[in-house]
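The values are calculated or read from the model by the stated rules, or taken from the named source; none is laboratory data. Nothing here was measured: the structure is a model prediction, and the numbers come from that model. Every residue, glycine among them, receives a Cβ derived from its backbone with ideal geometry; neighbour counts consider all protein chains shown. SASA here: full protein model, heavy atoms, side chains in, ligands and nucleic acids out. Shrake-Rupley method; radii C 1.70, N 1.55, O 1.52, S 1.80 Å.
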Amino acid sequence: MFSKETYVRRRQELKKLVGEGLILFFGNNEAPANYPANSYAPMRQDSSFLYYFGQHRDGLIGIIDVDNNTEMLLGDDIDIEDIVWMGFVPSVADLAAEVGIEKTAPMHELRNLCNEALRQHRTIHFLPPYRHDIKIMIMDLLGIHPNQQKEAASLQLIKAVVKMRSTKEPQEIEAIEQACNVGYEMHTTAQRLIKPGVTERFVGGQVDGVARSLAQGVSFATIFSQHGEIMHGNPSDALLEAGRLALCDAGCELNDYCSDNTRTMPVNGKFSQKQLEIYSIVEACHDYVLEVAKPGVKYADVHFAVCRLMTDRLKELGLMKGDTEEAVRAGAHAMFLPHGLGHMMGMDVHDMEGLGQIYVGFDEETRPNLEQFGTNCLRMGRRLQEGFVVTDEPGIYFIPHLIDLWRNEKHCAEFLNFDLLEQYKDFGGIRIEDDLLITADGCRFMGSKRIPYHPAELESFME
């Protein structure tokens, strides 16, 4: 938690941006995993609630009355039964005071507050809910069916929260740097453990253990697989095999902020020539972002600059052909890179994605292209600003079913060498990912240590 003044300042700024009405921030509740008393642990607080109210306890709601310039924290104090099982928790009043709020009330007062606001025809602002218990609560309070709540959420509030959370404060940048340092330990642990005969599940479990030991836990479910062509391949019981590549995409959450890195390693510690040829293209694309990403540049333009570089290099190997500009315009590169270059990152690993990607990664100037395969998965396209944190994660994947589909449909046949692609169906995939801070005149990778990824450095480290 940051200083009391931080949360007071944030709420004051939010009032100015929203302008009028009653703002509700729903904190999260405990969520049962497979029966009521067995909750997912630890409980994860809603990020926007944390941003403005700072407290991690379950069963809290923050209220900001813009018209009357007042704030309130709602929640019920715990009783002796809770204390016996979970330990002492400060009162709601004490929690409120820690973040500069004077008014508190028990949870049952929420209905009265909402009813009064509705009676006065005041605007009630809330963010798009993503948990079913909160959706039910909103339906009970405001009469809005869960199927309609995403559309009913306040666009004023969404845009205000996105504006504030997109640009990271110095203390937030420091928190992300610390999370990235734990990310270094996670990924280098994997690099030390990878060898033929070890299971994917064992390596993935050890990576998770580092996050739980040095941080709050993982920032998303760890991806560790020899099938790197599967974007979100979870660890399986498969044994690591010499001659194959293992992809590890993992991050931690520390002090409520995330890291997100990916490395791809040869299982036997040495790249084959074929693997090195593809890996060097991804490496070049990853590093090229450092040259072109800076304030004022659209991240969509950085994405397509990377796509052109990738296409040029794949043409040198004979996997692509034809005019580079035409190939990228047609989306032929998406055979190899079916996702965007990166996404916002902060308190959420896909920062604020639940508020609507069109508001987070795009704006009135830069709109998403939802029609073209690959480009429709571009999460971040808007102009970069100093203080943004985005991921830089190009990849090249050989997806057998996609190769077969495009070959049968003759899709982008003028730009793709399908005969040669057949020889890569068992290749897998490669991704290299780091977290990028946009600075006043350019950008830099975050974290004080760089997880090995240059081929010679990586092979030496694994040895």
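Compute the length gained on full extension between residue 268 and residue 16: take 0.36 nm times their separation in residues and subtract their Cα-Cα distance, giving the result in nm to one decimal.
Full extension from residue 268 to residue 16 adds 85.0 nm.
Per DSSP H run of n ≥ 4, the term is -39500 (n - 2.57); total these for the chain, divide by its residue number, and report the mean residue ellipticity at 222 nm rounded to 500 deg cm²/dmol.
-12000 deg cm²/dmol
What is the spin-label model distance, in nm, from residue 174 to residue 370 if the labels are put 7 Å beyond Cα along the C-beta direction?
In this crude spin-label approximation the distance works out to 4.2 nm.
Treating only the Cα positions of the chain as identical point scatterers, give the base-10 log of I(q)/I(0) from the Debye formula at each q in 0.09, 0.13 Å⁻¹.
-0.66, -1.21
Pop out the carbon and sulfur fraction of the accessible area of the stretch 102-182 as a percent, whole number, probe 1.4 Å.
53
Can you give me the relative contact order of the stretch 206-354 as a percent, contacts being Cα pairs under 8 Å and 6 or more apart?
18
Calculate what fraction, in whole %, of the accessible area of the stretch 229-305 sits on carbon and sulfur atoms when a 1.4 Å probe is rolled over the protein chains.
Taking all protein chains in place, the stretch 229-305 shows 52 percent carbon and sulfur surface.
Under a crude label model (7 Å from the Cα following the beta-carbon direction), how far is residue 131 from residue 69 in nanometres?
3.3
Could you pull out every whole DSSP H run in the chain that spans at least 24 Å of Cα extent along its own axis and averages -1.0 or higher on the Kyte-Doolittle scale?
170-193, 273-292, 299-316
Which whole-angstrom value gives the distance between the alpha carbon centres of the stretch 346-360 and the stretch 209-247?
The two parts, judged by their Cα centres, are 23 Å apart.
For the stretch 9-54, which whole percent of the accessible surface, found with a 1.4 angstrom probe, sits on carbon and sulfur atoms?
About 55 percent, which is the carbon plus sulfur part of the accessible surface.
Do any chymotrypsin sites (Phe, Trp or Tyr not before Pro) in the stretch 233-291 lie in a loop, going by DSSP, with at most 16 other beta-carbon atoms within 10 Å of their beta carbon, and if so which?
Within the stretch 233-291, no chymotrypsin sites (Phe, Trp or Tyr not before Pro) qualify (loop, at most 16 other Cβ atoms within 10 Å).
In whole percent, what relative contact order does the chain give with Cα contacts below 8 Å and a gap of six or more residues?
Relative contact order comes out at 14 percent.
Accessible area per residue for the chain in Å², computed with a 1.4 Å probe and the full protein assembly in place, what is it?
Result: 43 Å² per residue.
Modelled label-to-label distance, residue 40 and residue 81, 7 Å Cα→beta-carbon offset: nm?
It is 2.5 nm.
Compute the distance from the alpha-carbon center of the stretch 102-133 to that of the stretch 74-97, in whole Å.
The stretch 102-133 and the stretch 74-97 have Cα centres spaced 21 Å from each other.
Hey, with R₀ at 22 Å, roughly what FRET efficiency would residue 291 and residue 441 work out to, going by the Cβ-Cβ distance, to 0.05?
Efficiency at R0 = 22 Å is approximately 0.95.
In percent, how large is the relative contact order of the stretch 1-132, given Cα pairs closer than 8 Å and 6 or more residues apart?
Worked out over the stretch 1-132, it gives 28 percent.
If r is the Cβ-Cβ distance from residue 163 to residue 325 and R0 is 35 Å, what FRET efficiency results, to the nearest 0.05?
Efficiency at R0 = 35 Å is approximately 0.50.
So how much accessible area does residue 67 have, in Å² to the nearest 10, using a 1.4 Å probe?
Here the accessible area works out near 80 Å².
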